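Visitor: A single structure is presented below for examination.
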Amino acid sequence: MRKCITVLVLLVVTLLSALPLFSIEDEYYRKAALFKIFSQYIQWPKNSDVNDRSKPFVVGVIGKNPFGSILEAAYSQEENKIKDKKVEIRYISKMEEIESCHILFISKSIDKEQELEEILAVTRGKPILTIGETKGFAGKGVLFNLFISRDEIRFEINAQALRESRLIPSSQLLSVAKIVGSLEAP
Amino acid sequence: MKMKKLFISVAFLAMLFPSNIYSQDQDIKKIKKYFKMDLQQLLNLVITTAGKKKEKISDIPASVVLVTREEIETYGYQTLAEIVENIPGLYITDDYWSQNTGIRGFWDYTSNRNIIILVNGIPLRNELSSSYSFENIVVPVEAIDRIEVVRGPMSVIYGNGAFFGVINIFTNQFDEKESVNQVSASIGSEKTSKLFVRTAGKQGDFQYVFNGSYFYTYGLDVPLSKMVSSPAILPYLGLSEDHTTEGQLERSEKFFNFSGTFKAFSFDTSYTETGKEGSVIFPSIADGTSFVTKDMRINVGYKKKLSNTSRLESKVCYFMHRYSADYDMLFEEFYGTQEEGAFGFRAALNLFITPSPKLDITMGMDYIYVQDVFNDVTVPAFARNLYHYRLADGEAIITQSIFAQIDYTLSDRLKFTAGAMLEQTPGYTLEERIGDFTIGNASITQATFSHPQVEFVPRIALIYSLNDRNIFKFLYGKAINRPSFFQNIDLLFTPDLPPLKPETIHTFEINYIAQLSSKFTMNLSVFRNILDKLIYRSLYIVDDTVNAYHANVGEMGTHGAEMTVICSPSPNLYFELSGTYQYTQDKRAGFEDIEVAYSPKFLGYLKASYFFNKNISLSVTGNYVSPMESYYDATLSPPTRLGEKVDGYFLLGANLRIRKLFGIGMFLNLRVSNLLDEEVRYPATANNFQFASKGTIGRGRSFLLTIGWKF
């Protein structure tokens, strides 16, 4: 009997471990698609290599990768280009790799202030769209921060950091975002 | 030892099935699904009206229009009616008694009787006329978070009355990430002024939204000589030939709404009070006939998750409605009053079950109990002294219904919806009391309305995605509209009349949505409406006497097409252009060649906005309504039009909005409606043909300036 109970408990543990723990349906599929949508509503500076057709559009992920293989699977498809360019996914392990990114996704596993500061020290003032998913990151200088509110994905924008990055967002994007700070230059 | 091995084996199995496991096939399907979504869809912006549950617009088996707070602010609409007349397929008329909505080529002489209007999911129905009059629904535009408009028969989900669809207005969308408090003040043409206040908050599990507003306008000043065919008739109506409506069309509105949630419970209370002046039957002589309405709704809801695949939602709503009129017409000393009212409650229980990812089942039951329905009239000059029409003592109007709907995903490309409702209003006894009971000279007459038949209302839809960017919806639906208390009053005069049956509509529609690129979207609908058993005043012979009573004699057919093109060539620029063609034919024998009243053949809509930067936007709206015929009274001998055909009109509006003035949450809004000062005429109705046979004149160029603060 004890054996049966133990097996049952272990089976439950097994099944539970296989259950997705997402708080919103297909959260990372949505987030992967948002990279493309955000890019449509943002203008990179004219001198940025985003405008160089010979180079790919680079999406970097720093910290533990929460997407699994979603990003590769999505952006390897011909129709899923960004700025009409092929998309290259890079998993960042060294700080010097950050500068080559056009979008940098900072995953939840980056939760120490010092780690974040090191990353922002590289991106600050550069046209790199940093996207976080940790509470309070917009206030700390990450350009876009995704959060879940009432079963919806929402995002906040650090207005000052965005201004410094020289990225220009469209009004449609701003109209659905929570703005941290003022969009107007002081 | 064996146990240890077993433990290790199972733990290893657990590691083999990590949380983000998915098959490659599913992976690609999901990627395709999410990568074809636009920003709003990805952020999960969904609507709840179509199926009483959250659904994405492209998945809804109906033709849907969504109006957001951002849109309302950008276009600066002054009133709810102005929002409605800018929704493709809809247009507004005003006969100086009430505003009314025409939709898909059909207009009913009872104000807003064919479309259900809800505020925060609560129907704001006048139980005497079974209508959704704008006089009761005075939601200030500043309070509106979102409007969901579902076009097409929706009786399966919303019961009788949802003939042409449902308009659901939300004022209770709490979002702690947005500004939660707002105050604003407006001034405008015709001495219009408005004050609005909103506050929202959250304390632990309790969150609330409060909206309050006060609105006043002096109203239009229009010479009657411009509306009546022959000004020489005016002296016979007690007026000089140069009489105007100055001071006779004043309107004031008070609106309070308090909504909130606490854990699984929700509540919503609203109170509106309106004072309105107008003219009915005859033009006003002095200050205008005044109409005062008071309406209160208290709703309590409860939601419970029963399991991972099912949940329950319940609601109980108490409502009370009062209306009074003080008539002003014909001569200075004219005396006439009317009081009407009703109260009751409605209870709804909805069950949502998802037995598999491909199948959604929605079931529900509704129970509506209305009592104390009364309409007291005293107009001695019309031989109506102390007439009381009411439900007999102990009687109630009870409507009970059950419905079920399934949504089944047959494949990646095909989704199927089928539903049905069974509804019954068994009947009730009305009575007429004449005279004054207090002095013992009253008499009572009673009559019973009986229609025990259970109505069956079906609905079926198929959504086919040709590919990621082309979606077809094939829709069929039936809806019913039950006779109102007012329409059944005829039974008191002639008890032998056949009981009125519910009006019916069958709609067939094909809706095509094409996302041609991220900058260009198109929506095309082709529809066919077949309306039957429509209730008209008709000639009836009883005991060799010819009389006019309500009867199910109407039959109409409408076919039409609506097309909307949305284009956003740059992030700051947005265009939306819509056109509707509709042709309605009166199918009654002998009426086939009579042009249907208030049924314009063409409607056009334009919206364009440009954001100079995040905070400053300029926008324009335009709507065109083609010529309309006036009321055709078949009870006259010979049958006659009550007025002239009115010309089509084009209303152009513009709005400038400046947000975050002085770097804080202050905003400034300037809306100019009817910028070209086009003359707008609404065709004569049975209420006003004596003084407006050429049509009532609508608002000319007008402005509203609003300054406010969001914090």
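What follows draws every value from the coordinates through simple rules; no lab data is involved. Quick caveat, the model's predicted, so the values are computed rather than measured. Cβ sites come from the backbone with ideal geometry, for glycine too, and all protein chains shown count toward neighbours.
Visitor: Could you state the number of Å between the C-alpha centres of segment B:328-401 and segment B:74-102?
Guide: 24 Å
Visitor: Using only Cα atoms, find the angle between the long axis of helix B:24-35 and the longest principal axis of chain B, and express it within 0 to 90 degrees, rounded to the nearest 10.
Guide: Helix B:24-35 and the main axis of chain B meet at about 40 degrees.
Visitor: Using Cβ counts within 10 Å as a stand-in for footprinting exposure, how do B:Lys473, B:Lys710 rank, fewest first?
Guide: B:Lys710, B:Lys473
Visitor: So if I take the centroid of the Cα atoms in segment B:272-322 and the same for segment A:87-119, what is the distance between those two points in Å?
Guide: 55 Å
Visitor: Work the Kirkwood hydrodynamic radius out for segment A:24-180: mean of 1/r over every pair of different alpha-carbon atoms, inverted, in Å. Don't jump to the answer; show the numbers that get you there.
Guide: Working: mean 1/r = 0.0641 Å⁻¹.
Hydrodynamic radius (Kirkwood, Cα pairs) of segment A:24-180 is 15.6 Å.
Visitor: Here is a follow-up. For chain B, what class follows from the C-alpha gyration tensor (a ≥ b ≥ c being the square roots of its eigenvalues): rounded when a/c is under 1.5, otherwise prolate if a/b is larger than b/c, else oblate?
Guide: On the way: a/c = 1.70, a/b = 1.42, b/c = 1.20.
The shape class here is prolate.
Visitor: Dipole size in debye (nearest 20) for segment B:131-238 around its Cα centre, Lys and Arg Cβ +1, Asp and Glu Cβ -1? Walk me through the numbers on the way to the answer.
Guide: Values: 8 positive and 10 negative charges, 48 e Å.
The dipole magnitude comes to about 240 debye.
Visitor: What angle, in degrees between 0 and 90 and rounded to the nearest 10, separates the Cα long axis of helix B:2-16 from the longest principal axis of the Cα atoms of chain B?
Guide: The answer is roughly 60 degrees.
Visitor: In nm, to one decimal, how far is the B:Ser307 label point from the B:Val553 one, both placed 7 Å along Cα→Cβ?
Guide: Simple spin-label model gives 5.6 nm for this pair.
Visitor: How long is the gain from B:Phe267 to B:Glu333 if the chain were fully straight, where each residue apart is worth 0.36 nm and the alpha carbon distance is subtracted?
Guide: Once the chain is fully extended between B:Phe267 and B:Glu333, it gains 19.1 nm.
Visitor: Determine which residues of segment B:672-706 fall in the zone a paramagnetic label at B:Glu190 would reach in this model, i.e. backbone nitrogen under 13 Å from the point 7 Å along Cα→Cβ.
Guide: Counting backbone N atoms under 13 Å from the label point, the list is B:673-674, B:680-682, B:696-704.
Visitor: Provide, in order from the shortest bin, the percent of all Cα-Cα pairs of segment B:349-443 in each 10 Å bin, continuing until the bin that contains the maximum pair distance.
Guide: 14, 26, 18, 15, 13, 10, 5, 0
Visitor: Here's a follow-up. Counting Lys +1, Arg +1, Asp -1, Glu -1, what net charge surrounds B:Ile402 among other residues with beta carbon under 9 Å of its beta carbon?
Guide: Details: positive: none; negative: B:Asp366, B:Glu423.
Every neighbour counted, the sum reads -2.
Visitor: Starting from the Cα-Cα distance between B:Phe602 and B:Thr199, subtract it from 0.36 nm times their residue separation and give me the gain in nm to one decimal.
Guide: Working: separation 403, 0.36 × 403 = 145.08 nm, distance 4.18 nm.
Value of the extension gain: 140.9 nm.
Visitor: Inverting the mean 1/r over all pairs of different Cα atoms, compute the Kirkwood radius of segment B:61-201 and quote it in Å.
Guide: The Cα-based Kirkwood calculation yields 16.0 Å.
Visitor: Would segment B:524-634 count as rounded, prolate or oblate if I go by the C-alpha gyration tensor, calling it rounded below 1.5 in a/c and otherwise prolate when a/b exceeds b/c, oblate otherwise? Please report the intermediate quantities before stating the final value.
Guide: Working: a/c = 4.13, a/b = 3.05, b/c = 1.35.
Here segment B:524-634 falls in the prolate category.
Visitor: Just from its helices, what would the mean residue ellipticity at 222 nm be for chain B, if runs of 4 or more DSSP H residues each count -39500 (n - 2.57) and the sum is divided by every residue, rounded to the nearest 500 deg cm²/dmol?
Guide: Values: 8 runs with 55 residues, N = 711.
Helix contribution divided over all residues of chain B: -2000 deg cm²/dmol.
Visitor: Taking the Cα centre of the protein assembly as shown as origin and charging only Cβ (+1 Lys, Arg; -1 Asp, Glu), how large is the dipole, in debye to the nearest 20?
Guide: Numbers: 95 positive and 100 negative charges, 1055 e Å.
In debye, rounded to 20, the protein assembly as shown gives about 5060.
Visitor: Got a sec? Charge dipole of segment B:336-436, +1 on Cβ for Lys and Arg, -1 for Asp and Glu; which of B:Tyr389, B:Thr354, B:Gly336 is way out at the positive end?
Guide: Of B:Tyr389, B:Thr354, B:Gly336, it is B:Thr354.
Visitor: Just need the relative contact order of segment A:24-180 here, percent rounded to a whole number, with Cα pairs under 8 Å and 6+ apart. Present the calculation step by step, with values, prior to reporting the outcome.
Guide: Working: 263 pairs, mean separation 35.0, N = 157.
Once normalised by length, the contact order is 22 percent.
Visitor: I would also like to ask the following. Starting from the Cα of A:Glu117, step 7 Å along the direction of its Cβ; do the same at A:Ser48; then give the gap between the two resulting points in nm.
Guide: Using points 7 Å along Cα→Cβ, the separation is 2.7 nm.
Visitor: Relative contact order, percent, of chain B when contacts are C-alpha pairs under 8 Å separated by at least 6 residues? List each step's numbers first, then the result.
Guide: Numbers: 1936 pairs, mean separation 80.7, N = 711.
Taking the mean separation of contacting Cα pairs over the length of chain B, I get 11 percent.
Visitor: Counting only other chains, and only Cβ atoms inside 10 Å, what mean value do you get across the residues of A:26-37? Walk me through the numbers before you get to the answer.
Guide: Details: counts 5, 0, 3, 10, 8, 2, 5, 11, 5, 0, 4, 10.
Taking all residues of A:26-37 together, the mean is 5.
Visitor: Suppose R0 equals 25 Å. What FRET efficiency, 1/(1 + (r/R0)^6) with r the Cβ-Cβ distance, do B:Tyr464 and B:Ile406 give to the nearest 0.05? All intermediate terms of the calculation are to be shown ahead of the outcome.
Guide: On the way: r = 17 Å, r/R0 = 0.69.
Taking R0 as 25 Å, the efficiency between B:Tyr464 and B:Ile406 is 0.90.
Visitor: Among bridges DSSP assigns within the protein assembly as shown, what percent are antiparallel (round to 5)? If you can, show how the numbers build up before the last one.
Guide: Numbers: 312 of 336 bridges.
Among the beta bridges of the protein assembly as shown, antiparallel pairing accounts for roughly 95 percent.
Visitor: Can you tell me the dipole magnitude for segment A:24-180 around its Cα centre, using point charges on the Cβ only (Lys, Arg +1; Asp, Glu -1), in Debye to the nearest 20? Provide the component values of the computation, followed by the final result.
Guide: On the way: 24 positive and 23 negative charges, 87 e Å.
In total the dipole reaches around 420 debye.
Visitor: Is segment B:596-671 best put as rounded, prolate or oblate by its Cα gyration tensor, with a ≥ b ≥ c the root eigenvalues, rounded for a/c under 1.5, and otherwise prolate when a/b is larger than b/c, oblate when not? Walk me through the numbers before you get to the answer.
Guide: Working: a/c = 6.11, a/b = 3.56, b/c = 1.72.
Because a/c hits 1.5 or more and a/b exceeds b/c, segment B:596-671 counts as prolate.
Visitor: Moving on. Quick one: what are the phi-derived ³J(HN,Hα) couplings along segment B:325-330, Karplus 6.51/-1.76/1.60 with θ = phi - 60°, whole Hz, x for glycine and proline?
Guide: Once rounded to whole Hz, the list reads 10, 10, 7, 10, 6, 6.
Visitor: How much length would be gained if the chain were fully extended between B:Asp647 and B:Phe456, taking 0.36 nm per residue of separation minus their Cα-Cα distance, in nm to one decimal?
Guide: Details: separation 191, 0.36 × 191 = 68.76 nm, distance 4.12 nm.
Computed gain between B:Asp647 and B:Phe456 is 64.6 nm.
Visitor: Here's something else I'd like to know. Between B:Glu678 and B:Met563, what is the spin-label point distance in nm, taking each point 7 Å from the Cα along the Cα→C-beta axis?
Guide: Inter-label distance under the simple model: 2.0 nm.
Visitor: From the phi angles alone, apply the Karplus equation (6.51, -1.76, 1.60; θ = phi - 60°) to segment B:608-618 and give each ³J(HN,Hα) in whole Hz, x where the residue is Gly or Pro.
Guide: 8, 9, 9, 9, 5, 7, 4, 9, 10, 10, 10
Visitor: Just want the ordering: B:Val183, B:Val67, B:Val156, from fewest to most Cβ atoms lying within 10 Å of their own Cβ. Please list the in-between numbers first.
Guide: Numbers: B:Val183 15, B:Val67 20, B:Val156 27.
Placing the least packed residue first, the sequence is B:Val183, B:Val67, B:Val156.
Visitor: If you take each beta carbon of peptide A:67-74 and count the beta carbons of other chains within 10 angstrom, what is the mean? Write down the numbers at each step before the final one.
Guide: Values: counts 1, 6, 4, 6, 1, 0, 6, 7.
The per-residue average across the peptide is 4.
Visitor: When you have a sec, figure out the Kirkwood radius of the protein assembly as shown from all distinct Cα pair distances and drop it here in Å to one decimal?
Guide: Hydrodynamic radius (Kirkwood, Cα only) of the protein assembly as shown equals 30.2 Å.
Visitor: Can you order the peptides B:565-576, A:30-41 by their average number of other Cβ atoms within 10 Å per residue, highest first?
Guide: A:30-41, B:565-576
Visitor: Additional query: I need B:Leu675, B:Leu642 ordered by Cβ neighbour count within 10 Å, fewest first.
Guide: On the way: B:Leu675 17, B:Leu642 20.
Fewest-to-most Cβ neighbours within 10 Å comes out as B:Leu675, B:Leu642.
Visitor: Which residues does a label at A:Arg166 reach in segment A:36-76, if reach means a backbone N under 14 Å from a point 7 Å past the Cα toward the Cβ?
Guide: A:43-52
Visitor: Using R₀ = 22 Å, calculate the FRET efficiency as 1/(1 + (r/R₀)^6) where r is the Cβ-Cβ separation of B:Asp221 and B:Asp326; round to 0.05. Mind dumping the intermediate values first?
Guide: Numbers: r = 21 Å, r/R0 = 0.97.
Taking R0 as 22 Å, the efficiency between B:Asp221 and B:Asp326 is 0.55.
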